[in-house]
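Report on the structure given below.
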Amino acid sequence: MAAAAVTSRLSPVDFSPEKNTEENDAGNEDPADCSIDSSILSGAKFAESQAFKNKKGKHTTVTPLIIDFRRLLQSSKLGETIDIIPGVPNKELLHAVVGLYSVSLSEMTPDVLYSTVCEKWARTIVLIRDIKDVLEDFEIRRQKKRSETNDQNLSNNNSEQKEAAGDSKKTACSKESGKKKDKSDKDDVAANGEIEKEDSEKEDIYEVEEDKPSIFAPVFSDSEDEEEEEESDEEEEDYSKGINHFLQLVQERKKIRDSHEGSYDVNHVGIENRLVACATFEKKFCKPGERVVHLTLVAVRQRYRKHGIGKYLIQQIKDQSVVGQYDAIVVHADNSAIDFFERYGFSDDVVLNSRWDEFAEQFTQCTLMSYLPPFTTEGVLGNKRPELDILLMELEIKKWRHKSLEAYQAEISCMNRLRSEIIHLRALVTSQQDLISSLVQENESLGHEKFMHEREFLEYRLAVAKAAVSKASDDNSGDEGDISVDQLIADMEKELQFRNLMDRKESDAFDGGFDSSRYVVTPEGGTNEPYDHGRDIAEFHRLTEDFKAGIGKDKDMPGKCEVTMISKTFLTQNVHERYEMRLQHLKDPTFKMRLYFCGSLEHPERIQEIMKNGFSEEDFSHGEYGRGLYFSQFPSKAAQFSALGKMILAEVALGKTESVLKKDRARVFPPRGFDSIVVPGRLAPSEGAPLSGTPSLNQEYVIFDANQAVPLNMIEFTTTA
């Protein structure tokens, strides 16, 4: 590969396959007449002409050029007007390149394409056909078009003969002929009207359009009778200046070709007929010392696809003698082009391509792919340097070894620090657990002392009351107040008996003894009323008895069940407010029940959160009767859907309840006009279990709003054989 891509001066390119070819010498500038400062490296031919052939045997010969359009246009402003391609203004070449991109990449607007092609460090490889080959193609297409026209005329003559003979196909043939004539007339009118619109434009720049085909569609149309699209309102001037004039020239050349009868010459050929393919890339530096080639745009004209031209462009981009030395090539591939780039060594590995995340923001709906070159290198002049290849490999291996060692050291350091942190946290938890245990014991001791003082004070009040009654009975016999005083004494005696009952730690009254230490009885926060320890003890005792009784009703429940702990929930005020607000919207707000929650088995880690902040949609079960919160009257069945040894008792506002027998996992609301449903239960032996009379042990209630229930207590229990 020649080194002209790096060192060549700006000069017109000789496209003649032979130096003495008369057709190509006519009208071209003499390269010897061109002279310009060698520091301006705007474009040059960097390789010999290349021939391509498709599967049908059609040959296409092109000349590759590499161009810096930004520098090329800047040199034109300085008065240097030498054209890269003889006879083709540099501006027209730019418009043609952007036009090919616009037609091939319809999702990108021309203004973005102009800015991308003319970026500061952007270079564009273009493949240009020779004028002689283009003229031959013109002649071939004209002959083909004439042949098709003759065939059509012959078909029309046959149709007219059939019409004269009264053929039944007369109407169909007439309509087809009329449609074709109308289309031809409309095409002529549209072409003339389009040129008139262009002549009336005030500024010759690209104008942004919305929801319209690319304005370059007629430039690279593979059918010569496609018409130019309407142009839109103007916008600020950019590198697109001269676009309308270029489009007008394209239309005029097409019109001249269509009306020309003799041999075609160079005046019938435009750059839009010679441009075959192009690729734009930028040389960037992501990190210090890391050189990346960003392949931004690639396009091949449709009629020249399947010739291997795209493969050739990728090979030139990968050639370091063309683009310079690099560490990686990055491309944003459309979904339809991923396989194409993979065939030529590009990878879509997400982890690998994360090194170039900064490129990902430039394009959307694309896949970031990259190519890493081999260690084998070529000098600027194309000479192999094996010693440099070995040195690069050794440096890369050394770098990899160093990075791997650093990664291993970081992992070991992190593991040791985590180990120390775990030991520290474990010691902290142990010390806090000891503190909690001592505080619990102290709290129990103080509670017991308080209980004893309350009992002694009650005994004292009872003795004083009895003495006062005895004295009053001697003075006022038959007074109406005796009834209320006697009732007061009776209540106090009953309260004293209950407190004596609570004080018996090892009595046989409740199946092996009643231990108040099993109950967590912490006074509610936010109240100024004195806490009644005995009230919670009595309530927890009742819950224990109800729980045992519910377990005993189930004959399938093996062994014996013992309650080991009952905890009381202390919910936030917000939970109670949501519950009360939901009650106001129920059809029957008075229908509430205490039920056991059937759902903590799926998310046992949610139990503490429920005890603190109530139920939420995270606690919903996807059961056979819908998605919601399931509850049961019977703890033996709720235990089968609860975390091991733990069960939540809740107050559930059922409202108006509908009996439902049909299973429906997609149900997310109760039936219209109802607040909840009662179902045979997920453990029912079969559908149609009775819902009236004696309730089935498997029966469940389902609510679909988490605010219809508030947790009350958590019951911890064990079962023994």
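The values are calculated or read from the model by the stated rules, or taken from the named source; none is laboratory data. Here the structure is a predicted model, which is why all the values come from computation and not from measurement. Please note: Cβ atoms are built from the backbone with ideal geometry, for glycine as well, and neighbour counts cover all protein chains shown.
Could you please tell me which pairs satisfy a Cβ distance under 6 Å, a separation of 6+ or placement on different chains, a first residue in the stretch 592-603 that is surrounded by 22 or more Cβ atoms within 10 Å (Cβ to Cβ), and a second residue that is charged (D, E, K, R)?
That search, which allows pairs on different chains as well, returns 599/619.
What's the number of the condition residue 278 fails, among (1) surrounded by fewer than 17 Cβ atoms within 10 Å (Cβ to Cβ); (2) closer than 27 Å to residue 52 by Cα?
(1)
Suppose we keep only residues that are assigned to a helix (DSSP H, G or I) and of a type in the set (D, E, K, R) within the stretch 298-353. Which one would you say is surrounded by the most Cβ atoms within 10 Å (Cβ to Cβ)?
Checking each candidate, the answer is 318.
Taking residue 651 as the residue in question, decide whether it is within 22 Å of residue 541 (Cα to Cα), in contact (Cβ under 8 Å) with a residue 40 or more places away in the chain, surrounded by fewer than 18 Cβ atoms within 10 Å (Cβ to Cβ) and assigned by TED's automatic domain parsing to the domain that holds residue 561. If you could, list the steps in order and put the result at the bottom.
On the way: within 22 Å of residue 541 (Cα to Cα): yes; in contact (Cβ under 8 Å) with a residue 40 or more places away in the chain: yes; surrounded by fewer than 18 Cβ atoms within 10 Å (Cβ to Cβ): yes; assigned by TED's automatic domain parsing to the domain that holds residue 561: yes.
Judged against the criteria, residue 651 is a match.
How about the stretch 74-90: which of its residues are out of contact with any helix residue (DSSP H, G or I) (no Cβ under 7 Å at 6 or more places or on another chain), in a helix (DSSP H, G or I) and at pLDDT 80 or above?
74
Take residue 62 and tell me if it is of a type in the set (A, V, I, L, M, F, W, C) and assigned to a helix (DSSP H, G or I).
So residue 62 fails the test.
Could you count how many residues in the stretch 49-97 are charged (D, E, K, R) and farther than 26 Å from residue 268 by Cα? Break it down into steps so the answer makes sense when it comes.
Applying the first criterion (charged (D, E, K, R)) to the stretch 49-97 yields 53, 55-56, 58, 68, 70-71, 77, 80, 83, 91-92.
Now restrict to residues that are farther than 26 Å from residue 268 by Cα: 55-56, 68, 70-71, 77, 80.
Selection size over the stretch 49-97: 7.
How many of the residues making up the stretch 359-394 are farther than 30 Å from residue 108 by Cα, under 42 Å from the mean Cα position of the chain (by Cα), hydrophobic (A, V, I, L, M, F, W, C) and at pLDDT below 70?
Total satisfying the criteria: 0.
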